[in-house]
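This report refers to the structure that appears directly beneath it.
The values are calculated or read from the model by the stated rules, or taken from the named source; none is laboratory data. Source: prediction; values computed, not measured. Ideal geometry is used to build each Cβ from the backbone, glycine not excepted, and the neighbour counts take in all protein chains shown.
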Amino acid sequence: LLADHHYAFQPAADASAPPLLLLHGTGGGEHDLISLGAKLSPGSALLSPRGNISERGAARFFRRFAEGVFDLDDVRARTDALAEFVRIAAQTHQIDLSRLIAIGFSNGANIAATIMQRQPDVLTGGILLRAMVVLDAPAAPGTLTGKRVLLASGDHDPLMTADDPRRLARHLRSGGAEVDHHVHDAGHGLVDADFSVSQSFLQRLP
Ligand code: MLT
(Lines give C-alpha, C1' and ligand atoms only; values in the text may rest on other atoms or scores of the structure.)
Protein backbone atom coordinates (compact mmCIF):
# COMPACT_ATOMS: atom_id res chain seq x y z
CA LEU A 1 0.00 0.00 0.00
CA LEU A 2 2.86 2.41 0.63
CA ALA A 3 3.75 1.90 -3.02
CA ASP A 4 0.32 3.25 -4.08
CA HIS A 5 1.41 6.74 -3.11
CA HIS A 6 4.43 8.77 -4.02
CA TYR A 7 5.33 10.49 -0.82
CA ALA A 8 8.01 12.51 0.87
CA PHE A 9 9.04 11.85 4.44
CA GLN A 10 11.29 13.81 6.72
CA PRO A 11 12.05 12.28 10.13
CA ALA A 12 11.62 14.28 13.31
CA ALA A 13 14.57 16.36 14.45
CA ASP A 14 12.73 17.28 17.65
CA ALA A 15 10.71 14.48 19.27
CA SER A 16 8.55 16.98 21.15
CA ALA A 17 7.26 18.59 17.93
CA PRO A 18 4.01 17.05 16.60
CA PRO A 19 4.28 14.97 13.41
CA LEU A 20 2.57 16.59 10.43
CA LEU A 21 0.61 15.10 7.54
CA LEU A 22 0.97 17.52 4.63
CA LEU A 23 -1.74 17.48 1.95
CA HIS A 24 -1.26 19.62 -1.15
CA GLY A 25 -3.81 21.36 -3.37
CA THR A 26 -4.88 20.37 -6.91
CA GLY A 27 -1.91 20.29 -9.26
CA GLY A 28 0.59 20.13 -6.42
CA GLY A 29 2.86 17.34 -5.28
CA GLU A 30 4.50 15.71 -2.31
CA HIS A 31 7.19 18.39 -2.04
CA ASP A 32 4.87 21.43 -2.09
CA LEU A 33 4.20 21.85 1.61
CA ILE A 34 7.49 20.57 3.04
CA SER A 35 9.00 24.01 3.55
CA LEU A 36 5.72 25.38 4.97
CA GLY A 37 5.54 22.46 7.43
CA ALA A 38 9.18 22.87 8.44
CA LYS A 39 8.68 26.60 9.01
CA LEU A 40 5.43 26.21 10.94
CA SER A 41 6.73 23.48 13.19
CA PRO A 42 10.53 23.18 13.17
CA GLY A 43 11.75 19.67 13.95
CA SER A 44 8.43 17.91 13.22
CA ALA A 45 8.36 14.66 11.30
CA LEU A 46 6.78 15.44 7.92
CA LEU A 47 4.73 12.89 5.97
CA SER A 48 3.61 14.22 2.62
CA PRO A 49 1.79 12.00 0.11
CA ARG A 50 1.02 13.02 -3.45
CA GLY A 51 -2.66 12.74 -4.43
CA ASN A 52 -3.02 9.70 -6.66
CA ILE A 53 -5.78 11.02 -8.91
CA SER A 54 -4.71 12.80 -12.06
CA GLU A 55 -7.09 15.40 -13.46
CA ARG A 56 -5.60 16.09 -16.88
CA GLY A 57 -2.16 15.77 -15.28
CA ALA A 58 -2.98 17.70 -12.08
CA ALA A 59 -2.57 15.54 -8.96
CA ARG A 60 -5.55 15.47 -6.54
CA PHE A 61 -6.75 13.34 -3.65
CA PHE A 62 -10.21 12.48 -5.07
CA ARG A 63 -12.18 12.84 -8.29
CA ARG A 64 -14.61 15.59 -9.16
CA PHE A 65 -17.03 15.88 -12.07
CA ALA A 66 -16.59 19.65 -12.25
CA GLU A 67 -15.28 22.45 -10.02
CA GLY A 68 -17.09 21.97 -6.68
CA VAL A 69 -19.02 18.89 -7.89
CA PHE A 70 -17.43 15.93 -6.19
CA ASP A 71 -17.57 12.22 -7.02
CA LEU A 72 -18.72 11.19 -3.55
CA ASP A 73 -18.16 7.45 -4.00
CA ASP A 74 -14.59 8.22 -4.99
CA VAL A 75 -14.26 10.65 -2.08
CA ARG A 76 -15.25 7.93 0.39
CA ALA A 77 -12.99 5.29 -1.16
CA ARG A 78 -9.95 7.62 -1.45
CA THR A 79 -10.45 8.95 2.07
CA ASP A 80 -10.40 5.44 3.52
CA ALA A 81 -7.42 4.46 1.35
CA LEU A 82 -5.45 7.55 2.39
CA ALA A 83 -6.18 6.81 6.05
CA GLU A 84 -4.86 3.29 5.52
CA PHE A 85 -1.75 4.69 3.83
CA VAL A 86 -1.22 6.94 6.87
CA ARG A 87 -1.55 3.99 9.26
CA ILE A 88 1.02 1.95 7.34
CA ALA A 89 3.40 4.88 6.84
CA ALA A 90 3.13 5.60 10.56
CA GLN A 91 4.23 2.07 11.39
CA THR A 92 7.05 2.17 8.87
CA HIS A 93 8.38 5.54 10.00
CA GLN A 94 7.47 5.40 13.71
CA ILE A 95 4.96 8.25 13.58
CA ASP A 96 2.68 8.62 16.60
CA LEU A 97 -0.86 8.87 15.17
CA SER A 98 -2.21 10.13 18.48
CA ARG A 99 -0.20 13.33 17.85
CA LEU A 100 -0.53 13.60 14.06
CA ILE A 101 -1.78 16.97 12.75
CA ALA A 102 -2.83 17.36 9.13
CA ILE A 103 -2.00 20.55 7.28
CA GLY A 104 -3.96 20.70 4.06
CA PHE A 105 -4.52 23.32 1.41
CA SER A 106 -7.60 23.36 -0.85
CA ASN A 107 -8.14 19.81 -2.16
CA GLY A 108 -5.72 18.61 0.56
CA ALA A 109 -7.70 20.48 3.23
CA ASN A 110 -10.87 18.89 1.89
CA ILE A 111 -9.52 15.36 2.25
CA ALA A 112 -8.18 16.20 5.71
CA ALA A 113 -11.79 17.08 6.63
CA THR A 114 -13.22 13.89 5.11
CA ILE A 115 -10.58 11.86 7.00
CA MET A 116 -11.85 13.49 10.20
CA GLN A 117 -15.43 12.64 9.25
CA ARG A 118 -14.74 9.01 8.31
CA GLN A 119 -11.42 7.93 9.86
CA PRO A 120 -10.89 10.13 12.90
CA ASP A 121 -8.42 7.80 14.60
CA VAL A 122 -5.55 8.68 12.23
CA LEU A 123 -5.42 12.39 13.20
CA THR A 124 -5.50 14.37 16.40
CA GLY A 125 -6.20 17.60 14.61
CA GLY A 126 -5.81 19.59 11.46
CA ILE A 127 -5.11 22.93 9.88
CA LEU A 128 -7.55 23.20 7.01
CA LEU A 129 -6.63 26.02 4.67
CA ARG A 130 -9.52 26.95 2.31
CA ALA A 131 -11.52 23.78 3.02
CA MET A 132 -15.15 23.44 1.94
CA VAL A 133 -17.93 20.93 2.56
CA VAL A 134 -17.39 17.74 0.59
CA LEU A 135 -19.27 15.14 2.66
CA ASP A 136 -22.31 17.12 3.73
CA ALA A 137 -23.11 15.38 7.01
CA PRO A 138 -22.38 16.14 10.64
CA ALA A 139 -19.72 13.96 12.25
CA ALA A 140 -21.28 11.43 14.63
CA PRO A 141 -21.35 12.76 18.21
CA GLY A 142 -18.28 11.80 20.20
CA THR A 143 -16.18 10.74 17.20
CA LEU A 144 -14.04 13.90 17.28
CA THR A 145 -13.83 14.54 21.00
CA GLY A 146 -10.47 16.07 21.89
CA LYS A 147 -9.54 16.83 18.26
CA ARG A 148 -8.50 20.37 17.38
CA VAL A 149 -9.13 22.02 14.08
CA LEU A 150 -8.08 25.33 12.62
CA LEU A 151 -10.20 26.28 9.63
CA ALA A 152 -8.87 29.27 7.70
CA SER A 153 -11.07 30.72 4.97
CA GLY A 154 -10.89 33.66 2.59
CA ASP A 155 -13.78 36.14 2.64
CA HIS A 156 -13.71 36.44 -1.14
CA ASP A 157 -12.78 32.91 -2.11
CA PRO A 158 -14.40 32.36 -5.53
CA LEU A 159 -14.61 28.59 -4.95
CA MET A 160 -17.16 28.70 -2.13
CA THR A 161 -19.92 30.73 -0.50
CA ALA A 162 -19.28 32.28 2.92
CA ASP A 163 -21.66 29.78 4.50
CA ASP A 164 -19.81 26.75 3.14
CA PRO A 165 -16.83 26.65 5.56
CA ARG A 166 -19.17 27.63 8.41
CA ARG A 167 -21.20 24.52 7.65
CA LEU A 168 -18.01 22.45 7.64
CA ALA A 169 -17.12 23.91 11.06
CA ARG A 170 -20.56 22.89 12.35
CA HIS A 171 -20.19 19.36 10.94
CA LEU A 172 -16.86 18.89 12.73
CA ARG A 173 -18.11 20.44 15.96
CA SER A 174 -21.04 17.97 15.92
CA GLY A 175 -18.47 15.23 16.39
CA GLY A 176 -16.99 17.08 19.37
CA ALA A 177 -13.98 18.74 17.67
CA GLU A 178 -12.81 22.09 18.95
CA VAL A 179 -12.88 24.22 15.79
CA ASP A 180 -11.33 27.70 15.45
CA HIS A 181 -12.66 29.29 12.29
CA HIS A 182 -10.72 32.30 10.98
CA VAL A 183 -11.99 34.25 7.98
CA HIS A 184 -9.31 36.50 6.49
CA ASP A 185 -9.31 39.19 3.88
CA ALA A 186 -8.24 36.71 1.18
CA GLY A 187 -9.29 34.72 -1.85
CA HIS A 188 -8.43 31.05 -2.40
CA GLY A 189 -4.69 31.72 -2.23
CA LEU A 190 -2.84 31.79 1.06
CA VAL A 191 -1.90 35.06 2.79
CA ASP A 192 0.39 35.96 5.73
CA ALA A 193 -2.51 35.64 8.18
CA ASP A 194 -2.79 31.93 7.33
CA PHE A 195 0.79 31.48 8.43
CA SER A 196 0.38 33.40 11.70
CA VAL A 197 -2.87 31.70 12.78
CA SER A 198 -1.39 28.30 11.91
CA GLN A 199 1.70 29.00 13.95
CA SER A 200 -0.26 30.09 17.02
CA PHE A 201 -2.62 27.09 16.65
CA LEU A 202 0.40 24.75 16.70
CA GLN A 203 1.95 26.55 19.66
CA ARG A 204 -1.27 26.18 21.66
CA LEU A 205 -1.50 22.39 21.15
CA PRO A 206 -1.19 20.44 24.40
C1 MLT B 1 -11.58 20.47 -4.60
O2 MLT B 1 -11.79 20.08 -5.73
O3 MLT B 1 -11.23 19.77 -3.67
C4 MLT B 1 -11.80 21.93 -4.40
O5 MLT B 1 -12.54 22.45 -5.44
C6 MLT B 1 -10.53 22.67 -4.23
C7 MLT B 1 -9.64 22.49 -5.42
O8 MLT B 1 -9.79 23.20 -6.42
O9 MLT B 1 -8.79 21.64 -5.36
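Just one of the numbered conditions (1) surrounded by fewer than 20 Cβ atoms within 10 Å (Cβ to Cβ); (2) within 16 Å of the ligand (Cβ to nearest atom) is not true of Ser98; which one?
Exception for Ser98: condition (2).
Whether any residue in the range 63-76 is buried (at least 17 other Cβ atoms within 10 Å of the Cβ), without any contact (Cβ under 8 Å) to a residue 12 or more places away in the chain and not β-branched (Val, Ile, Thr) is what I want to check. Steps first, answer last, please.
First, pick out the residues of the range 63-76 that are buried (at least 17 other Cβ atoms within 10 Å of the Cβ): 64, 70, 75.
Of the ones still in play, those that are also without any contact (Cβ under 8 Å) to a residue 12 or more places away in the chain are 64.
Of the ones still in play, those that are also not β-branched (Val, Ile, Thr) are 64.
There is at least one residue in the range 63-76 that is buried (at least 17 other Cβ atoms within 10 Å of the Cβ), without any contact (Cβ under 8 Å) to a residue 12 or more places away in the chain and not β-branched (Val, Ile, Thr).
Taking Met132 as the residue in question, decide whether it is part of a loop (DSSP other than H, G, I, E, B), within 16 Å of the ligand (Cβ to nearest atom) and surrounded by 20 or more Cβ atoms within 10 Å (Cβ to Cβ). Before the answer, list the steps.
Numbers: part of a loop (DSSP other than H, G, I, E, B): yes; within 16 Å of the ligand (Cβ to nearest atom): yes; surrounded by 20 or more Cβ atoms within 10 Å (Cβ to Cβ): yes.
Here the answer is yes, as Met132 does meet what is asked.
Condition check ((1) touching a His at 6+ places or on another chain (Cβ under 7 Å); (2) in contact (Cβ under 8 Å) with a residue 60 or more places away in the chain; (3) crowded, with 22+ Cβ neighbours inside 10 Å) across all residues:
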{"residue": "Leu123", "(1), (2), (3)": "no, yes, yes"}
{"residue": "Thr145", "(1), (2), (3)": "no, no, no"}
{"residue": "Ala162", "(1), (2), (3)": "no, no, no"}
{"residue": "Leu172", "(1), (2), (3)": "no, no, yes"}
{"residue": "Gly175", "(1), (2), (3)": "no, no, no"}
{"residue": "His182", "(1), (2), (3)": "no, no, no"}
{"residue": "Ala186", "(1), (2), (3)": "no, no, no"}
{"residue": "Gly189", "(1), (2), (3)": "no, no, no"}
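Based on what the data block shows, is Pro158 closer than 20 Å to Val75 by Cβ and either more than 16 Å from the ligand (Cβ to nearest atom) or touching a His at 6+ places or on another chain (Cβ under 9 Å) (or both)?
Values: closer than 20 Å to Val75 by Cβ: no; either more than 16 Å from the ligand (Cβ to nearest atom) or touching a His at 6+ places or on another chain (Cβ under 9 Å) (or both): yes.
Against the criterion (closer than 20 Å to Val75 by Cβ and either more than 16 Å from the ligand (Cβ to nearest atom) or touching a His at 6+ places or on another chain (Cβ under 9 Å) (or both)), Pro158 does not qualify.
Which one of these is within 16 Å of the ligand (Cβ to nearest atom) and touching a Gly at 6+ places or on another chain (Cβ under 7 Å): Ala113, Ala109, Ala66, Ala58? Talk me through it step by step, then tell me what you get.
Working: Ala113 fails: touching a Gly at 6+ places or on another chain (Cβ under 7 Å); Ala109 fails: touching a Gly at 6+ places or on another chain (Cβ under 7 Å); Ala66 fails: touching a Gly at 6+ places or on another chain (Cβ under 7 Å).
After applying the criteria, what remains is Ala58.
Are any of the residues in the range 1-20 touching a Gly at 6+ places or on another chain (Cβ under 9 Å), modelled with pLDDT of 95 or more and within 16 Å of the ligand (Cβ to nearest atom)?
Within the range 1-20, not a single residue is touching a Gly at 6+ places or on another chain (Cβ under 9 Å), modelled with pLDDT of 95 or more and within 16 Å of the ligand (Cβ to nearest atom).
Could you tell me how many of the residues in the range 22-53 are of a type outside the set (Val, Ile, Thr) and within 13 Å of the ligand (Cβ to nearest atom)? Step through it out loud before you land on a result.
First, the residues of the range 22-53 that are of a type outside the set (Val, Ile, Thr): 22-25, 27-33, 35-52.
Of the ones still in play, those that are also within 13 Å of the ligand (Cβ to nearest atom) are 23-25, 27-28, 32, 51.
Qualifying residue count for the region: 7.
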